[in-house]
Amino acid sequence: MWSWNRLCLLVMCLAMVCWLPPSVAAQPDDVTERFDGQAFRWERIPAPAPAASLLDLGHHYRVRLAEEGKATEVQLPVKAPAIGAMDLSTLRWGRLDPETKQYEILDVPVVLSGKGTSVRLAQSGDYSLFGLPAEPLGKAVIGRVCDIEGRPTPAQIEPICTRIYCAGFKEIGPIGVSGDPGIPGMPPRPGPGGGDICERCMNRGGRLPEAIAECHLTKGIDVGIVLPPLFPLPVCQVSPASLADPSEPGNYPVASAEYKFVDAINIPPNDPNTDVWATVRYPGAAAGPDAAIAPGTAKFPLVLYLHGNHGTVISGSSHVCGGSGPPVPNHDGYNYVLDRLASLGFIAVSINANDLNCKADRIPERGKLILEHLRRWKNWNDPGQPDADFGGRFYNRVDLSRIGLAGHSRGGEAVLSAYLENKSAGLGFGIKALHSIAPVDFHGLILEDVPYYVLLPAADGDVSGLSGARIYDRAAPRANPNKMPKMQSHVYGANHNWFNTVWFQDEGSPPGGTPGRLTQPQQQAVERVMAVAFFRQFLQGFTAARGLFTGTAAVASLAPAEIYRSYQDPAHLNVDDFEDLPANVALNSLGGGNAGVSLSPFGEFSFTQGSAFNPSFFQQTKGLIAGWNAAGDQFTLAIPASKKDVSAYRYLSFRITQVFDNGAVNPVGQDQDLDVGLEDELGNKIFLRVGTYDRIPFPYQRPSLIKSMLQTVRLGLVCFSCRTLVGVHTKAIAKIHFRFNRKAAGLVGIDSIQFTR
Amino acid sequence: MMRQAKTMAATAVFCLLASAVAYGESSPEAPGEAQVKLNQPIPGAKLTVERVSLTTPMEVLEAGRKRQVKEVLEFRVTSSQPIEARALDPVLYVGKTKVTDYRYEDDGRTVVFSLTDTKKAQDGAPTYVQFGDQVSTRTPLQKFSRKQAKEMTR
């Protein structure tokens, strides 16, 4: 089996033998020396007169060819910081015309190698190396140097990389863009094997104006330089960007309506007289009840909310089941979201399901109730159907191909039921996004092909097992993982009830008013911002707030909520999900080997109640449990050669949690931290400190039922090349490292290690 | 070796501590304004049992088969306070038998559990009610006594 290295080595040897003239290959590196070759001689000369419009790189040589007119390829050794600052495609040799004293640019490309530059010359004369700035210098100049921390020893790298740009210019210091305050000069080189490259990067203001130069690894003797477009450039984003609140009111006046059809449907088997009752907010010509819909012909996406199980009768200050009294308007509790959605161009509906409350389960029945509402909206949209209810107000204005469903508590599982029945029964409603708030998980439903967002309130005193985490874990199942994105917000301090303004009582744990608990308005701000961002993204194509789910963006109005995300993009390469049967921690999902160094415990465990590593897990997945108590403890995953090219992805992603151990290993209330590294086939290895980019918080502290809850950390691949700009080769990743060196000891759960978009 | 031993010791300590931690939310919480005590046993809960003979047999589906039922056992759990309707369903355990079919009475303080396969209620079995799998809400009730069950006809 030929390894890449051996193949490359062979190619290099061929190149040396077949392509370079023997005399050239023998050229010394030091430009200060004089050299008499068999065919020519050269010497360095003082700089001639400056040439307008050319970037003088300070390399001026007088070359004497042995036979004038006979082309000879010469290689001139060049060591110049300036080359590292150039767009290399602009490099040219120029020849000084002795008569005009002007430079003519030789129409031969400059070939760069580890030893210098080559050019084919036919005349003796004075030659200079120029850059041809195609743009103003401030833009064209890029800092680029290949000094990779943790790179192999020269003995390892020379045979391979002699002709590779990265190796050839490893001695060149980086040159910054003019005015870049982060690069005052030649920054100190980091010590081998240590340091934190991206922290340095951050010290430069997190700004990377430079392009990434990559070694081209596959073209044999033509190994040279691949220059991606200079702008726009990938950026190593260290902290979330501040974003305008995507739920800020839009331009539409908010009109409202209500419909209630008493005992209108029979939901078998046990709910024969169920009301079809809902409140509606929609884009109006004017604000207020029953206003005309906004003028025009635009069709608006439809979002339906459904509440959960709760008392149905108001009795004093309580909401109870049965008896006489006014009905609890359970469906009115989400108007704070509906209003915003309507102002932004949605028809937003909230369904009352009192007739299904105070009864066992009723998840399928709630799903059927949602579908009944959709059936009616289909009719209200259809000009061919008489509309005694709204007088045709919504004719041709409802986009039934863009439907979103949201549900709270039992409603949160019911939206899954509705979606799956719509699909299995071929009802044809275009449900394109599902959102659950603190859902139950009575039926173990599995989503495979629809964007899903679940909000988990960490202080939930009702669905205190945070069942929605199981729905998230099962979604996009292993056998069919690439058809949907899934998103999760684990909101510290939020309770179950307060996402519904009607459910005023606080069942949260610990009680409201305790430090760390959110207030009712704060909780509702979370739901409002996140739900609106979610539906705008998947029903309106508004992607600017996507970063709220991936972690690259933050919105001020979410403060002070602590939200820990999980996110899985449909485009991902699963490196290890730890779901092996039988469990085999030594093998990852790609078939590569895993190795733990001095970790204890170190093994695959279920993260599901009852069979988990310990009782703090409430999820439905398997993962790695790793404990450490000394620097140097590591977990390493080998990437098989067939999967080494991850350049199509943008992030290294993994889920991680502190394992709640009552303070035995993980100190109570403190974040954990570690380094994560990538290593390429050349042995280039770059580590990032996770704590620089995200947090691994201590589990949410409640009186009991403290949970170890996985969250996703995403590290931009561009960050693995950030200081020196030529980092690990994403076309040839060999290993992923977890280096547990930031805290003296720790115990973590890890899952879903992926390269992802 | 030393390090590994330390780690193992730490793990052992952790396991002991973890097992000592009550994961059932058993610790009472401080009262707060409008605080709902969802995580605790049903206050003042009492159980009465009725053997109900049905004048019109009821058809039930059990394990995928339809069956005519002429008698049901009804377990009435009454609280001193309204029993909250919440996400998790109340479940009655009669010994190992799990009774999930329930209805609220109009007073809002009584939940009636119905068991159609009456043979599954073992005489003398301990009974308790809880919400879903939330152990902290487990509310012990009287032992089931077939003899003490009131006979009713409906």
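Give the average, rounded to an integer, of partner chain Cβ atoms located within 10 angstrom of each Cβ in A:311-319. Mind showing how you got there, number by number?
On the way: counts 7, 3, 4, 0, 3, 1, 1, 5, 4.
What the average comes to for A:311-319 is 3.
Which of rounded, prolate or oblate describes the range B:93-143 when judged by the alpha-carbon gyration tensor and an a/c cut-off of 1.5?
Values: a/c = 1.76, a/b = 1.20, b/c = 1.46.
Because a/c hits 1.5 or more and a/b fails to exceed b/c, the range B:93-143 counts as oblate.
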Rounded to the nearest 0.05, what FRET efficiency is calculated for A:Asn266 and B:Ala63 with R0 set to 30 Å and r the Cβ-Cβ distance? 0.75
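If we count other beta carbons within 10 Å of each Cβ, what is the order of A:Arg655, A:Arg92, A:Arg695, fewest first? Intermediate results must be reported in sequence, preceding the final value.
Numbers: A:Arg655 26, A:Arg92 19, A:Arg695 14.
Lowest count first: A:Arg695, A:Arg92, A:Arg655.
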Output needed: percent of Cα pairs per 5 Å distance bin for the range A:278-327, bins running from 0 to the one holding the longest distance. 5, 16, 16, 13, 11, 11, 12, 10, 4, 1
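Sort largest first and round to whole Å: the equivalent ellipsoid semi-axes of the range A:600-757, each the square root of five times a Cα gyration tensor eigenvalue.
29, 16, 14
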Which whole number gives the average, over all residues in A:742-750, of C-beta atoms from other chains lying within 10 Å of the residue C-beta? 1
As a footprinting exposure proxy, order A:Asp506, A:Asp675, A:Asp387 by other Cβ within 10 Å, with the fewest listed first. A:Asp387, A:Asp675, A:Asp506
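State whether the range A:604-649 is rounded, prolate or oblate according to the following rule on the C-alpha gyration tensor (a ≥ b ≥ c being the square roots of its eigenvalues): a/c under 1.5 gives rounded; otherwise a/b larger than b/c gives prolate, and the remaining case gives oblate.
Values: a/c = 3.42, a/b = 1.56, b/c = 2.19.
Verdict is oblate for the range A:604-649.
Output the relative contact order of the range A:314-465, whole-number percent, from Cα pairs under 8 angstrom with separation of 6+ residues.
Working: 187 pairs, mean separation 24.9, N = 152.
For the range A:314-465, the relative contact order is 16 percent.
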Taking Cα centroids, how far is the range A:513-573 from the range A:629-669 in Å? 24
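If you rank A:Tyr419, A:Tyr259 by fewest surrounding Cβ atoms within 10 Å, what's the result? Show your work: numbers first, answer last.
Details: A:Tyr419 25, A:Tyr259 16.
Ascending Cβ contact count within 10 Å gives the list A:Tyr259, A:Tyr419.
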Greater than 18 Å apart at Cα, pairs in A:Lys644/A:Lys685; A:Lys622/A:Lys685; A:Lys359/B:Lys147; A:Lys368/B:Lys66; A:Lys378/A:Lys486; A:Lys486/A:Lys707: A:Lys622/A:Lys685; A:Lys359/B:Lys147; A:Lys368/B:Lys66; A:Lys378/A:Lys486; A:Lys486/A:Lys707
Whole-Å distance, taken between Cα centres, linking the range A:333-381 and the range B:31-110: 28
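Throughout, read-outs are computed from the coordinates displayed, never taken from laboratory work. Bear in mind the structure is a predicted one, so any value in this text is a computation, not a measurement. Every residue, glycine among them, receives a Cβ derived from its backbone with ideal geometry; neighbour counts consider all protein chains shown.
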